[in-house]
Amino acid sequence: MSKTVAFPSARHPTADDWVSGNHPETQKPGNTEIRKSADTETGKSGEKLARLTIDLPEELHSHFKAACAKHRTKMNAEVITFIERWTQKHS
């Protein structure tokens, strides 16, 4: 019995590919979700959004996620609040 092996393409998808819908996961047959381009997404106030990606130690990420869940807040909302306070203090 022979097996068919699929090799990944030479180009690896980026976060921008995921957001714009060019990521393989967003192109599965039957996936009707339409993703906006990163430069056209807007927040609740209508302003354009920019993506921030950070790497955290797994344990810190787990503690942060659990604390946010305990307080029923979203992780990105807490990060935005921190950045707003920090920039006001240091501007």
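Entry remark, the range 62-85: residues being more than 18 Å from the chain's Cα centre (by Cα), among the charged types (D, E, K, R) and assigned to a loop (DSSP other than H, G, I, E, B) number 1 in total. Take the conditions (1) outside any loop (DSSP other than H, G, I, E, B); (2) touching a residue at least 12 places away in the same chain (Cβ under 8 Å); Arg51 misses just one of them, which is (1).
Restricting Thr40, Thr4 to those that are assigned to a loop (DSSP other than H, G, I, E, B) and modelled with pLDDT of 65 or more reduces the list to Thr4.
The values are calculated or read from the model by the stated rules, or taken from the named source; none is laboratory data. Because the structure is predicted, anything quoted here is derived from the model rather than measured. Because the Cβ atoms are built from the backbone with ideal geometry, glycine has one as well, and the counts that use them run over all protein chains shown.
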